[in-house]
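So the structure is just underneath, and the comments pick up after that.
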Amino acid sequence: MPKFVGSAAVVVSFVLAASACTSESPSTASSAPSTAMAQCASPSRILESGVNGTEVEGSSKDGITLYGQVQSEGFLLASEAEKKIVWRISGSGRPAVEVTRPGGEESRLAWGLEFHSSSNYARPGDEYGSALVLDEPGCWNIHFSRESGTADVWLQVDTRPAGPMP
């Protein structure tokens, strides 16, 4: 076999192997904007119970707890409707909240945080009411910070209900 044919075979093999290792297939790679929504790497757990109803459980590396009691239908569906949530967060100091939209832009609560002095919501910590407008599908982050730590909720918002189609 001539030397240049063997070299060409090596180059072709290398190009084929390298193209097989890309994260996008040729049919999905384009210069057009993607219509796929940002997916949460690890969405927060949604809990259902007879005591607290539908809840979202936050996560923290600082040992504080965060729970949100959902008080709106279609909570994880993108819409212009306000979604009311009652939050319970442990720790000390007045909490601050930052909301990040799926594209990474900053947003804010529709209203709140409003301190609740009494409640029957059975979770540890101080209670606050708020509302969000989750008007875009994708991964939303609600970041709480207090003097004693931080906690996050990651919400995967969709355009249609999850589950089997009718």
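The values are calculated or read from the model by the stated rules, or taken from the named source; none is laboratory data. All of these numbers come straight from a predicted model, not from anything done at the bench. Cβ atoms come from the backbone with ideal geometry, glycine included; neighbour counts cover every protein chain shown.
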>> Conditions first: (1) under 20 Å from residue 53 (Cβ atoms); (2) touching a strand residue (DSSP E or B) at 6+ places or on another chain (Cβ under 6 Å); (3) in contact (Cβ under 8 Å) with a residue 24 or more places away in the chain. Residue 122 passes all but one, so which condition is the exception?
In response: (2)
>> Looking at segment 58-93 only, could you name the residues that are among the polar types (S, T, N, Q) and more than 18 Å from residue 156 (Cβ to Cβ)?
In response: 60, 65, 69, 71, 90, 92
> Based on what the data block shows, is residue 98 in a strand (DSSP E or B), touching an Asp or Glu at 6+ places or on another chain (Cβ under 9 Å) and modelled with pLDDT under 95?
Replying inline: no
> Any idea which residue in segment 66-95 is nearest to the chain's Cα centre (by Cα), counting only those that are assigned to a strand (DSSP E or B) and among the hydrophobic types (A, V, I, L, M, F, W, C)?
Replying inline: 77
>> All but one of (1) closer than 18 Å to residue 53 by Cβ; (2) surrounded by 13 or more Cβ atoms within 10 Å (Cβ to Cβ); (3) free of Cβ contacts under 8 Å to residues at least 40 places away in the same chain hold for residue 110; state the number of the condition that does not hold.
In response: (1)
> Does at least one position in segment 76-94 carry a residue that is in contact (Cβ under 8 Å) with a residue 12 or more places away in the chain, touching a Gly at 6+ places or on another chain (Cβ under 6 Å), of a type in the set (Phe, Trp, Tyr) and buried (at least 17 other Cβ atoms within 10 Å of the Cβ)?
Replying inline: yes
> Looking only at segment 14-65, which residues are of a type in the set (D, E, K, R) and either at pLDDT 85 or above or under 30 Å from residue 146 (Cβ atoms) (or both)?
Replying inline: 45, 48, 55, 57, 61, 62
> Does segment 55-65 hold any residues that are assigned to a loop (DSSP other than H, G, I, E, B) and among the β-branched types (Val, Ile, Thr), and which are they?
Replying inline: 64, 65
